[in-house]
Amino acid sequence: MEEKTDILSLTLEELEAKMLQFGDKKYRAGQVFRWLHVNKADSFDKMTNISAQTKAILNEHFYINSLKIQKRLVSKADNTVKYLYVLPDGGKVETVLMEYHHGNSICLSTQVGCKMGCRFCASTKAGFVRNLQPSEILLQIYETERDSGRTVDSIVLMGIGEPLDNYDNVMKFLSLLSHKSGRNMSLRHVSLSTCGLVDRIYDLAEKNLGLTLSVSLHAPNDEKRSEIMPINDRYPIERLIKACDDYFKKTGRRISFEFALIKDVNDDKDTADKLIALLKPLGVCHVNLIPINEIREGGYSKSPKAAEFCKRLCDGGINATVRRTLGADIEAACGQLRRDNM
Ligand code: SAH
């Protein structure tokens, strides 16, 4: 028997080709696409203007993927909601909905687990299982909106996984998200965070999508960065910064650097000065200082010097801010919930 197709992962063009192949009209695909991505229909039977004949084709050849909520944690402090979603094969991912003055932002996972091995990160400790499908990335938005009754205004790809290590599916997700006949979201409202897969940064620059690239830097030199981020052995700092510079020149989009401040590891004045020297030549960029979330197997603790470090960067001519901590009462630190529930 033919395997059914994950319809939420298909582009409109792919769906059109399939509908023609199954003997239906091409324009049907557009109607179905809108049901799926605008109305967020979770069954073909709910598509009221679709004929019984077309529904039969849909039911025979396609399925609508879905996620189940295993856990929902609501912060009493700031309206942050953290979801643990179960995928059809039992894999688990985390999604976080956050409220800012400019609207709701959602943090999405792109893989089940992660291969990158950053020493301070809970997502990688539990190992890598598989890539998420485009539908499974999209559904984190659709399910969260359905459940919370809130609308997502901006997206950060900063949950579990390395988005550029699941490049094709993430690109397809972005094209579905921004499709005119679908959700039609401007990619200006999307940030993609990477630990620094240099080759993929160049691929992304070529696409010129208008999204914000966030680069997880966390240290200003190879010795220190390799100690906490094994990926640095493959793509050392010089190549990474060159790629960032080229990305900016190609796209005109300033890079956002993430810097998780770890007590006695990267929070001293000398590190701040090295960071200034490293980033100054780039011209326009932004440093996002994150007080590190302590994880159980840790060894790393939160630096008390965030404000001081931030001021030193700003005085040195680097645009820097300390990220507000949201959902502090619900373990919003990425990857912890999944690991606790395995
Ligand atoms: N793999 C991507 C995106 C997911 S991680 C990346 O590395 O950028 C999102 C951000 O959270 C990254 O900057 C990552 O380094 C950071 N991070 C991971 N564990 C953290 C922790 N325990 N405390 C603070 N930030 C952390």
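Structure notes:
- Rounded to the nearest 10 degrees, the angle from helix 237-251 to the longest Cα principal axis of the chain is 50 degrees.
- The fraction of Cα-Cα pairs per 5 angstrom bin, counted from 0 for region 1-127, comes to 2, 9, 14, 16, 14, 13, 13, 9, 6, 3, 1 percent, rounded to whole percents.
- A helix-only calculation puts the chain at -10500 deg cm²/dmol for mean residue ellipticity at 222 nm, using -39500 (n - 2.57) for each DSSP H run of at least four residues, averaged over all residues.
- Exposure proxy shown here: for Arg234, Arg225, the number of other Cβ atoms within 10 Å sets the order, fewest to most, as Arg234, Arg225.
- Ascending count of other beta-carbon atoms within 10 Å, so fewest first, for Thr110, Thr54, Thr144: Thr54, Thr144, Thr110
- Estimated distance in nm for a label pair at Lys46 and Lys115, the labels positioned 7 Å out from Cα along Cα-to-Cβ: 3.6 nm
- Span from the region 205-220 Cα centroid across to the region 272-342 one, whole angstrom: 16 Å
- Using a cut-off of 29 Å between Cα atoms, the listed pairs Lys68/Lys224; Lys25/Lys207; Lys76/Lys305; Lys46/Lys76; Lys82/Lys311 include Lys68/Lys224; Lys25/Lys207; Lys46/Lys76; Lys82/Lys311 as exceeding that distance.
- In percent, rounded to a whole number, the relative contact order of the chain is 15, using alpha-carbon pairs under 8 Å and six or more apart.
- Shape class of region 5-63 from the alpha-carbon gyration tensor: rounded, with the ratio a/c of largest to smallest axis under 1.5.
- Note that region 194-210 has calculated 3J(HN,Hα) couplings of 10, 7, x, 7, 3, 4, 6, 4, 5, 4, 5, 4, 4, 6, 6, 7, x Hz, one per residue in order, obtained from phi through the Karplus relation 6.51 cos²θ - 1.76 cosθ + 1.60 (θ = phi - 60°); glycine and proline are x.
- Net dipole in debye of the chain [+1 Lys, Arg Cβ; -1 Asp, Glu Cβ; about Cα centre; nearest 20]: 620 debye
- Pair Asn208, Asp273: separation of 7 Å Cα→Cβ label points (nm): 4.1 nm
- D by Stokes-Einstein for the chain, Kirkwood Rh over Cα pairs, 20 °C, 1.002 mPa s: 101 µm²/s.
- Viscosity 1.306 mPa s, 10 °C: Kirkwood-radius Stokes-Einstein D of region 154-231 over Cα pairs, µm²/s: 117 µm²/s
- Of the residues Lys172, Lys250, Lys26, the one with the fewest other Cβ atoms within 10 Å heads the list, and the complete ranking is Lys26, Lys250, Lys172.
A short reminder: the numbers here are calculations on the coordinates, not readings from a lab. A quick note: this is a predicted structure, and the numbers were derived from the prediction, not measured. When we count neighbours, we look across all protein chains shown, and the Cβ atoms used for this are built from the backbone with ideal geometry, even at glycine.
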